[in-house]
Amino acid sequence: MSAPPSTSAILTAPRTKPTTRRQLATSARRDPLILISLIWLLLIAAAIVLRDVVLPSDYQDAALANRLLPPLSTDADGAFYLFGTDSLGRDYLTQLIAGTTATVLPAVAAIIVGFVLGIAIGSTAGFIGGRVDAGLLRVMEFQVVFPPLLLALLVLTSVGPSVWVLVIVLALGSWVGLARVSRGMALELRELSFVDAARVIGSSRAQIISRHIAPNLLTPLLVLGTLEFAGLLLASAGLDFLGLGVQPPETSWGLLVAKGRESITTAWWLVAIPGLTIFMTTLAVNIVALWLRDNLDLEQKSRILARSHAKRSATFAQEEPVPPQTTNAASAVHASAVPASAILHVDDLWVEFATDRGVAKAVRGVSWGVAPGEVLAVVGESGSGKSVTARAVMNVLERPQSHVRRGAIWYDGVDLIGLDDNRRRKILGNEIALVQQDALAALNPTMTIGAHLVEVIRNHQHGVTKKAARARAIELLTQVGIPDPAGRVDDFPHQFSGGMRQRVLIAMAIANSPKVLIADEPTTALDVTVQAQIVTLLLELRARTGMSIVLITHDLSLVSEAADRVVVMYAGRVMETGAVRDVVDRPAHPYTRQLLASTPDVAAPRGRLTPIPGTPPSAVRLPSGCPFNPRCELAQDICRELRPPEHVVAIGRTSACHFAEEVVGHRD
Amino acid sequence: MLIYSLKRLAAAFLVIFLVLTAIFFVTQLLGDPVTLVLGDTATPTQIAAVRARLGLDQPLLQQYWQFLVNAAQGSFGDSFWQQQPALQIVFSRLPATFLLAGVAMLVMVPIGVLLGVIAAYRQGSWIERLVNVLSIVSSSLVNFWVALMLILVFAVTLRWLPTSGYGEPQHLVLPVATLSLLQIGVLAQITRTSVAEQLQSQFVSAARARGLSPVRVMLRYALRNALIPIFTVAAGMLIGLMTGAVITEVVFGWPGIGRLLLQAIQDGDLPLIQATVFVSASILVVLTLLVDLAYVRLNPRVRIQ
């Protein structure tokens, strides 16, 4: 088939890249275990290939004078026996070498047969689908159900033990796993574009399978096949041991152990050494399988890379210069962004993440405070650090990658960060509670919502009986507007709709009458009418209980509806703060202004929608100067050179823009 | 749910039927059972009499049908050597197999799961490294060697425990240790992976944010949701043990059905082979069915559908 080069390029399935080979080599050189395993397997291969050269012709002859010499001994003629001698006085090392072939080759043959059979059947089933697939699946199921050892025992004794029967029996046990994997992957690959392309240019099914599907399966199958090979080595050794595999006068390691067992009380080495050899060989094969998996499997590779980089950058972070502690002047600025009566006060918080590209500074010197009974909105695009701040307050930063680098979280006169875990837990879920964005993911799928509620009540209110907690749970569900609460309290999370689940989360958050409720994008996953209901519910609860709400959102229309005050965040920093009306009507930061102009509900009265050009910066490589300068329509040279400090622009308002005054005055 | 159960039951019977068919035809290959029973010195009249008694003079399909009918009635005939009903012999060996399987599971599962949980909780600790090493080492160990080495050390050299036998608690120690050494690593590894995965999930951090204790979060949130893969592996191990841990039973002279099967095969004891395989397969099918039903209990999301 002569396809034009461009087509064949499309059709060439992604194969192992040349760098993979280099990576395999590097990792082998770095890890002595892998190196030793490879050398050991080479020795085994040499023992098989060079068998006739290595073995003396009389290796089977008994030398009764030397019976059962222990390892490292010398006989009367001065001959040295590294592994001692067996009950017929033969050198045990020689016996081991002689047994290598019959131990390893049946497993090798079986894995080849199993491999070919597995891939052929699996990819055929996966590719053709339909009845062929269903039929082959049944066969695989039955094969799995039938105990493999039983099958082996039956076949071997019925036909009489021989090496070839052994190979077939072993192969029968190994193909199913390989077939399953290749079927699954063929199903997936069938949908890929290059297969479609092949179909379009008229390749036959056989061609598609052999050229495009089978090669793609090879990498994962290679790993699985290697692992199965290790299993086959053990299985064939077991059959040898039972006398059902290799037959004397041929010898194998399993047979050597079986023979050695007769003299176990007098000659330990006859059992210990061949068994150890089997163990080491299987171990070497398993190590090689993991080595292949870690270096060939792309997904696994990236995971390992990420882990090693994370470690490296985590140590790196220790050396990073930390900006000096905020001066008194800066604190004065904070004072105006933070109400004097603040019940929860985030003070100059820095949070870092270790990523595979370096340290991400997700939150950089953020301060805000929420007064009792106030609704404070924290607004920003994704990646602005608003949710990370909330996670830091709730002590649920992703571990071990991220940590609070500096700063304080004041609650009721106590810095939560300095508090030990036990005392902090008494506050979390009790006095400060969190409502998360994705309610389905935030609930334990194996617990009823009643169990969730009872748990959080009893966790913080000691001495409440289960019965009382359950009554309170039903009352809470009523409060958050769940119809038929008594009937639904024993339902599981997946039995609720998205809006109802969000209500359940809110019920859990208010279960212990918190002083502060942090709602992290509480409405994002919901449709618009439900969003409005949830916001109304939150405001009602605030009015009834007097709790403070920190509303974390990217949705400016929600902010203008629900919040009293707003903190606008960008790239881990606070851009501007102020009363909602002021900020929406007269933004003091170009970012806020551009954000407003890009928000439909809020911008609509003014007539036009303008998206913010560009994308937020990566938290690993931040622009110098003002973080917003690359996207800012007002950016000047000074914005690229000097980071604007957060400063007061009016009573209760701050902005981190060099031109805040101009921006406030500016109207369009 | 009912339809699902009935379907599963039908499939179970089908598997047992297929297994019976397989045993019947495979054991045909064993050779003429009559010569096996009577030895080479038997006279033709004796042989003919035995053939007629065993129904072997019938056509093969007739024999197959008769075999199925008898099997359905729980009869596989008398053991050639022990002169008593084969099924009865198999049943008499079941307690030993079940005892070994039960005790081994009681030792393996708690230790393996505990190791895995600690390894998942303390990532990068020595426990995690231990679990990693253990899993690869234990999947590379060959059972008869472990068994013999334990005998060598604890029975032959130290003389703390008997080499083999059945009936006293100390007889259980070495076989259970052998089975555990081979499987704990795998169990710990699967626990570690699946618990670590659950620890990353949002409901775990949500639970932490509610101020729940780490132990509670681990047990009710992470471990509870990681149970399905752990259960699958553990169930596979249990099934393997209940259908006879052949090599372990042979090495330790444990009178279970695994050793019985090997003996029967070596003796060419046709009815006994058939009865043993039938019982093994039935145990397997029943346990698989129970395991599938247990999944439904483990995963409330399946329960509804």
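The values are calculated or read from the model by the stated rules, or taken from the named source; none is laboratory data. Remember, predicted model here, so these are calculated numbers, not experimental data. Positions of Cβ are backbone-derived with ideal geometry, glycine not excepted, and every protein chain shown enters the neighbour counts.
Overview of values
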read-out: Number of the condition not met by residue B:229 [criteria: (1) closer than 30 Å to residue A:453 by Cα; (2) within 13 Å of another protein chain (Cβ to nearest Cβ); (3) assigned to a helix (DSSP H, G or I); (4) not acidic (Asp, Glu)]; value: (2)
read-out: Yes/no for residue A:267 being of a type outside the set (Ser, Thr, Tyr) and at the interface with chain B (Cβ under 10 Å from one of its Cβ atoms); value: no
read-out: Index of the failed condition, residue A:376 passing every other in (1) within 11 Å of another protein chain (Cβ to nearest Cβ); (2) over 21 Å from the mean Cα position of the chain (by Cα); value: (1)
read-out: Residue within the stretch A:177-198 that is under 37 Å from the mean Cα position of the chain (by Cα), at pLDDT 80 or above and within 14 Å of chain B (Cβ to nearest Cβ) present; value: yes
read-out: Those residues of the stretch A:451-487 which are closer than 23 Å to residue B:202 by Cα and of a type in the set (Lys, Arg), in sequence order; value: A:458
read-out: Residue within the stretch A:556-564 that is in contact (Cβ under 8 Å) with a residue 40 or more places away in the chain and in contact with an Asp or Glu (Cβ under 6 Å, 6 or more places away or on another chain) present; value: yes
read-out: The stretch A:383-401, residues that are hydroxyl-bearing (Ser, Thr, Tyr) and more than 12 Å from chain B (Cβ to nearest Cβ); value: A:384, A:389
read-out: Unmet requirement for residue B:270, which otherwise passes all of (1) hydrophobic (A, V, I, L, M, F, W, C); (2) within 23 Å of residue A:155 (Cβ to Cβ); (3) within 21 Å of the chain's Cα centre (by Cα); value: (3)
read-out: The stretch A:506-551, residues that are surrounded by fewer than 18 Cβ atoms within 10 Å (Cβ to Cβ) and hydroxyl-bearing (Ser, Thr, Tyr); value: A:513, A:524, A:529, A:536, A:545
read-out: Conditions (1) at pLDDT 80 or above; (2) more than 14 Å from every other protein chain (Cβ to nearest Cβ); (3) touching a helix residue (DSSP H, G or I) at 6+ places or on another chain (Cβ under 9 Å); number of the one not met by residue A:104; value: (2)
read-out: Among the residues listed as B:200, B:266, the single one being out of contact with any helix residue (DSSP H, G or I) (no Cβ under 6 Å at 6 or more places or on another chain), facing chain A (nearest Cβ under 9 Å) and closer than 19 Å to residue A:440 by Cβ; value: B:200
read-out: Cβ pairs under 8 Å, 6+ apart, first in the stretch A:407-432 and surrounded by 19 or more Cβ atoms within 10 Å (Cβ to Cβ), second part of a helix (DSSP H, G or I) and basic (Lys, Arg); value: A:416/A:424; A:428/B:208
read-out: Members of the stretch A:433-452 found to be facing chain B (nearest Cβ under 9 Å), in contact (Cβ under 8 Å) with a residue 12 or more places away in the chain and of a type in the set (Gly, Ala, Ser), listed by number; value: A:433, A:442
read-out: Residue satisfying condition, being assigned to a helix (DSSP H, G or I) and under 12 Å from residue B:275 (Cα atoms), within set B:46, B:88; value: B:88
read-out: Residue list for the stretch A:102-128, restricted to those being within 16 Å of residue A:50 (Cβ to Cβ) and either among the acidic types (Asp, Glu) or free of Cβ contacts under 8 Å to residues at least 60 places away in the same chain (or both); value: A:105
read-out: Any hit, the stretch A:413-424, residues being of a type in the set (Gly, Ala, Ser), away from chain B (no Cβ under 12 Å) and in a strand (DSSP E or B); value: no
read-out: Matching entry among B:63, B:82 (being over 26 Å from residue B:246 (Cβ atoms) and surrounded by 14 or more Cβ atoms within 10 Å (Cβ to Cβ)); value: B:63
read-out: Set A:2, A:8, A:87, A:73: member being polar (S, T, N, Q), exposed (fewer than 11 other Cβ atoms within 10 Å of the Cβ) and either farther than 19 Å from residue A:226 by Cα or modelled with pLDDT under 75 (or both); value: A:2
read-out: Residues that are touching a residue at least 40 places away in the same chain (Cβ under 8 Å) and either away from chain A (no Cβ under 14 Å) or closer than 22 Å to residue A:285 by Cβ (or both), drawn from the stretch B:115-132; value: B:115, B:116, B:117, B:119, B:131, B:132
read-out: Those residues of the stretch A:231-275 which are of a type in the set (Ser, Thr, Tyr), over 30 Å from residue A:175 (Cα atoms) and either part of a loop (DSSP other than H, G, I, E, B) or within 45 Å of the chain's Cα centre (by Cα) (or both), in sequence order; value: A:265, A:266
read-out: Residue count, the stretch B:204-217 (criterion: part of a loop (DSSP other than H, G, I, E, B) and out of contact with any strand residue (DSSP E or B) (no Cβ under 8 Å at 6 or more places or on another chain)); value: 2
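Rundown of residues vs (1) crowded, with 18+ Cβ neighbours inside 10 Å; (2) assigned to a loop (DSSP other than H, G, I, E, B), yes/no style:
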position	(1), (2)
A:62	no, yes
A:69	yes, yes
A:77	no, yes
A:100	yes, no
A:107	yes, no
